[in-house]
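One structure is given here, and the rest of the page talks about it.
What follows is calculated from the coordinates using simple rules that are stated; it is not laboratory data. As the structure is a computational prediction, the values presented were derived from the model and not from experiment. Every residue, glycine as well, gets a Cβ built from its backbone with ideal geometry; the counts of neighbours run over all protein chains shown.
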Amino acid sequence: TKIRIGLLFGGRSGEHEVSISSARAIAGALASDDNASKYEVHPFYIQKDGRWLSGTLPQQVLSTGKLLEIEQQVGQDDSSTSREFPNFNAVDVWFPVLHGPNGEDGTVQGLLKLMQIPFVGSGVLGSAMGMDKIAMKIAFAHAGLPQVKYVAVNRSEIWSNPCVFPKLCDKIEESLGYPCFVKPANLGSSVGISKVRSRAELEAALDSAASYDRRIIVEAGVIARELECAVLGNDNPQASTVGEISFNSDFYDYETKYTQGQADLSIPAKVSSAIISKIQEMAVQAFLAIDGAGLGRVDFFYVESTGEVLINEINTFPGFTATSMYPQLWAASGISFSELVDRLIQLALERHGEKS
Ligand code: ATP
Ligand code: MG
Ligand code: MG
Ligand code: MG
């Protein structure tokens, strides 16, 4: 009998559309010649409002790649299906193909863990640590990984008290200078991130980031090449070859990430083998530092003028379309897309079997 894979996609985050693209690619791989005899796909679509759908509608979203028309969406007043979680007994392994908050951050992982069904990727702690850039940086620092200077901010310092805000801005200017990057701590795809060069821009960026998250991080800006490394495994994870992203825009923002032709991936990155090895080692350390499992993509800054390698962040469920960095890095390291999906499911089963 086939293993029933609960493919969970969509989600309430700003990365809903990216999740649909990743899920389509993974569904395709599960239906490929290599995998079709082993696995059976059961799609579950989480609407933007958080409602879970199973059955034919998710299949329709997967096959067309488009959101449901308004009249097809399950709404608030639809008492027959609203707020109902799917039948958990119909799934042997969950594959949460969700990016960002309420998906990549430990919330869904907690639900799946509670149901005692194996799932692909990091658990509650790894997902939460890997999503929150402040928690992540504390773990990286503890592991001795070099990174940029930063200031952690709470929304209350921005919105609640008009006396605190100017002091906060003074502190950021003093310790980081310009340019600096203002980010919601829990997000992805560069949503809510601003590069700021003046006090006025800093104030506006903090206000904007606070609309996305209670927790905000401000980082010193570096001039660096952007390198990424993929990690695969549980307690003895492996690192892939290293890739580089290049683009012409000011930074790797949402538009640059998702507009065809705006960014180039070069795999392997054209850097020395010493830098490649160093990044691979740091990627595995970062993965272990946050208690990652299954998969992770670790992003780095390579400051060529000084030879310094700084860790930027980890993503516990990185973009997973056929052209995304994560599967491309593994393809270049000898693991095809369909084999990668198979391995991730096996890793989920292994981890579940170990119990925690
Ligand atoms: P992802 O889609 O990879 O999850 P994210 O939303 O978590 O992205 P980051 O990777 O932290 O965001 O930052 C997005 C981009 O912003 C980086 O790839 C880089 O181009 C730029 N950037 C972020 N922080 C800095 C920094 N401190 N110095 C220079 N550039 C930065
Ligand atoms: Mg990220
Ligand atoms: Mg991300
Ligand atoms: Mg990133």
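Using mean Cβ contacts within 10 Å as the protection proxy, how do 124-134, 51-61, 256-266 order, highest first? Can you show the working numbers first?
Working: 124-134: 22.6, 51-61: 17.8, 256-266: 12.9.
Output ranking for 124-134, 51-61, 256-266: 124-134, 51-61, 256-266.
Once amide H atoms are built 1.01 Å from N in the peptide plane, which residues 5 or more positions from residue 190, or in another chain, come under 5 Å H to H?
Those lying under 5 Å, H to H, from residue 190: there are none.
Hey, how many Å between the Cα centroid of the stretch 251-305 and the Cα centroid of the stretch 96-130?
Spelled out, the Cα-based centre of one part sits 22 Å from the other.
Any idea which of 130, 321, 289 is furthest toward the positive side of the dipole for the chain, if Lys and Arg beta-carbons carry +1 and Asp and Glu beta-carbons -1?
After comparing all options, I get 289.
Set Lys and Arg Cβ to +1 and Asp and Glu Cβ to -1, take the dipole of the stretch 1-157 about its Cα centre, and tell me which of 119, 106, 145 lies farthest positive.
It is 145.
Per-residue HN-Hα couplings for the stretch 197-203, Karplus 6.51 cos²θ - 1.76 cosθ + 1.60 at θ = phi - 60°, whole Hz, x for Gly and Pro?
10, 8, 4, 4, 5, 4, 4
If a/c stays under 1.5 just call it rounded; otherwise compare a/b with b/c (prolate if a/b is bigger, oblate if not). Do that for the stretch 302-356, with a ≥ b ≥ c from the square roots of the Cα gyration tensor eigenvalues.
Values: a/c = 2.82, a/b = 1.62, b/c = 1.74.
The shape class here is oblate.
Mind listing the phi-derived Karplus ³J(HN,Hα) values for the stretch 168-184, rounded to whole Hz, using 6.51, -1.76 and 1.60 with θ = phi - 60°, and x for any glycine or proline?
Each residue's phi maps through the Karplus curve to give 4, 5, 4, 4, 5, 4, 5, 8, 10, x, 10, x, 10, 10, 9, 9, x Hz.
Placing unit charges on C-beta atoms (Lys and Arg positive, Asp and Glu negative, everything else neutral), compute the dipole magnitude of the stretch 223-356 about its Cα centre in debye, rounded to 20. Don't jump to the answer; show the numbers that get you there.
Working: 8 positive and 18 negative charges, 56 e Å.
Dipole size: approximately 260 debye.
Which value, in debye to the nearest 20, describes the size of the charge dipole of the chain about its Cα centre when Lys and Arg Cβ atoms bear +1, Asp and Glu Cβ atoms bear -1, and nothing else is charged?
Numbers: 30 positive and 42 negative charges, 86 e Å.
Rounded to the nearest 20 debye, it is 420 debye.
With n ≥ 4 as the cut-off for DSSP H runs, can you work out [θ] at 222 nm for the chain, using -39500 (n - 2.57) per run divided by the number of residues, rounded to the nearest 500? The partial results should precede the final answer.
Values: 12 runs with 128 residues, N = 356.
My calculation for the chain gives -11000 deg cm²/dmol from helical runs alone.
Run the reach check for residue 137 against lysines, Cα to Cα strictly under 30 Å, same-chain hits fewer than 8 apart removed. What comes back?
48, 113, 149, 167, 171, 183, 195, 257, 270, 278, 355
Assign unit charges at the C-beta atoms only (+1 for Lys and Arg, -1 for Asp and Glu), then state the dipole size of the stretch 78-201 relative to its Cα centre in Debye, rounded to the nearest 20.
On the way: 12 positive and 11 negative charges, 95 e Å.
For the stretch 78-201, the charge dipole is close to 460 debye.
Given the peptides 288-300, 102-114, arrange them by the average over their residues of other C-beta atoms within 10 Å, most packed first. All intermediate terms of the calculation are to be shown ahead of the outcome.
On the way: 288-300: 24.3, 102-114: 20.5.
Listed from highest to lowest mean packing, they are 288-300, 102-114.
Under a 5 Å amide H to amide H cut-off, with H placed in plane at 1.01 Å, what residues pair with residue 12 once short-range neighbours are removed?
none
Quick check of the Kirkwood formula: for the chain, what is the inverse mean of 1/r over all pairs of different Cα atoms, in Å?
Numbers: mean 1/r = 0.0475 Å⁻¹.
Answer for the chain: a Kirkwood hydrodynamic radius of 21.0 Å.
Of 5, 191, 262, which is farthest on the positive side of the dipole of the chain, counting Cα position, with +1 on Lys and Arg Cβ, -1 on Asp and Glu Cβ, and the Cα centre as origin?
Working it through, the farthest residue towards the positive pole turns out to be 5.
With contacts defined as alpha carbon pairs under 8 Å and 6 or more residues apart, what's the relative contact order of the stretch 214-304 in percent? Please list the in-between numbers first.
Numbers: 137 pairs, mean separation 38.6, N = 91.
Result for the stretch 214-304 is 42 percent.
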